[in-house]
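Take a look at the structure below.
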Amino acid sequence: MMNILLLGAGGREHALAWKIKQSPLCNKLFIAPGNAGTSMFGENVGIGVNEFEEQKEFCLNNQIEMIVVGPEDPLVNGVYDFFKAQNDWNGIVVGPSKFAAQLEGSKAFSKKFMQRHEIPTAGYAEFNKENFEDGKVYIQQHSLPIVLKADGLAAGKGVVIAQSHVEALQVFEEMILHKQFGEASSKVVIEEFLDGIEVSVFVLTDGKEYKILGHAKDYKRIGEGDTGLNTGGMGCVTPVPFVNDDFMQKIETKIIRPTIEGLAKEKIVYKGFVFFGLINVKGEPMVIEYNCRMGDPETEVVIPRLKNDLVALFVAMENSNLPQQIIETDDRACATVVAVSGGYPGDYEKGKVISLPQNIPTDSIVFHAGTKEHNGNVVTNGGRVLAVTSFGDNINDAAKQSKKLLKEISFEGMNFRKDIGYEFE
């Protein structure tokens, strides 16, 4: 039995808390800082995800033996290295080292890594202030559309698909000269546009061996039919019909295995989740991006389908025992639909009282994302507020069930996409 500290405050962390609490290996669960939903499965602690010293003190005072890192920020800032450098704390940290987290934290780092290990991805070039003029020439000669990515972390907003050279040049200037995303856009990666359907695959690794936990397709655009501005994700479905055994075999052979072997060869310390953001281009998988943690809202469908004890998998990862684990998943389809604040992904107000359903069917779960408790009420505390997950015989049934439950949920300005999973009907 272990005391576990989970870092984060979103829908991903509520799903992880829900799953971790089911493990017989979990004694006490603490979530820092958590939300109104996570408090149902453990104790919320008022410590930020990047407050490493405070986290350490808490771990020592509460006999914490495992830290599970939800979001990317603390990973890129070196939370793994911080805890591994302590003499007085010796527990399990689920998350990659600071160096390894550059796979997500730096687009240029991940592109070079893929090149070295011959992992299929879009052709690219990188530019900064020093070779800004070369970048302009490169853009003018580039085929359309052009993808521009801020090199660093920009909270999911640092990617622009420009439809014209004029737009691309404008965005390029905005990112580099006007520091649109601060330091994150001091370097910009310019890529060819890949046309196809996106899918994400999730893996747990110890840096040498790995297990595939599941896959999902998320919906980034705010509007129905994939229109409007990009968001952090409006919904998600699994399993995706085109990810059959043959396609998964290709993903494993051409992408997952070379990636994990690359980590091992380069002696990169990596004990945690790898999120492979992929695109299916005419039946061939290619990497769009790596993330060094679980996705959100993907976690809200991948984790409910996972039948294994998640804490036992973390222990197996720590003990180099992953090959002995057999991953089992629920046969049913799973869909999550995200309820967002009015105005999101632009400006929105917080503090709206949320009315939640009295009875939730056994095949549905309401995961909290941007919520908190205030004066005895659950109120909105972010752009993405709730993720309603349901099981069904197929994607369509699962999505219908989530939408039905969302009709019983309300807060001022609430908005959700009614067409999650539309292309699989």
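The values are calculated or read from the model by the stated rules, or taken from the named source; none is laboratory data. Just so it is clear, the model here is predicted, and its values are computed rather than measured. Here Cβ is always computed from backbone atoms with ideal geometry, including for glycine, and neighbour counts include all displayed protein chains. Side chains are part of the model used for accessible areas, which takes the heavy atoms of the whole protein and leaves out ligands, DNA and RNA. Shrake-Rupley method; radii C 1.70, N 1.55, O 1.52, S 1.80 Å.
The table below gives the values:
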{"item": "The stretch 322-397: relative contact order as a whole-number percent, Cα under 8 Å and 6+ apart", "result": "42"}
{"item": "Amide hydrogen neighbours beyond the local backbone of Thr371, cut-off 5 Å, H modeled", "result": "Ala36, Asn381"}
{"item": "Between the stretch 257-308 and the stretch 224-246, the alpha-carbon center distance in angstrom", "result": "16"}
{"item": "Distance (nanometres) between label positions extended 7 Å along Cα→Cβ at Asn375 and Asn396", "result": "4.6"}
{"item": "Phi-based couplings in Hz for the stretch 99-114 (Karplus 6.51, -1.76, 1.60; Gly and Pro marked x)", "result": "4, 5, 5, 5, 4, 9, x, 9, 4, 5, 4, 5, 5, 5, 4, 5"}
{"item": "Peptide ranges 234-240, 418-424, 335-341 listed from the most packed, as the mean C-beta count within 10 angstrom indicates", "result": "335-341, 234-240, 418-424"}
{"item": "Relative contact order [Cα under 8 Å, 6+ residues apart], the chain, whole percent", "result": "17"}
{"item": "Cβ crowding within 10 Å averaged over residues, with 46-53, 314-321, 289-296 ranked highest first", "result": "289-296, 314-321, 46-53"}
{"item": "Share of carbon and sulfur in the accessible heavy-atom surface of the chain [1.4 Å probe, %]", "result": "47"}
{"item": "GNM flexibility winner over the chain from Glu57, Glu373, Glu298 (Cα, springs under 10 Å)", "result": "Glu57"}
{"item": "Cβ-derived FRET efficiency at R0 45 Å, Glu192 paired with Ile360, nearest 0.05", "result": "0.50"}
{"item": "Sequence-separation-based contact order of the stretch 211-315, relative, with Cα cut under 8 Å and 6+ spacing, percent", "result": "27"}
{"item": "Cut-off 17 Å, label 7 Å out along Cα→Cβ of Lys307, residues of the stretch 392-414 by amide N", "result": "392-393"}
{"item": "Choice from Gln63, Gln358, Gln86 with maximal GNM fluctuation in the chain (Cα, 10 Å cutoff)", "result": "Gln358"}
{"item": "Descending Cα extents along the principal axes, the chain, whole Å", "result": "58, 50, 44"}
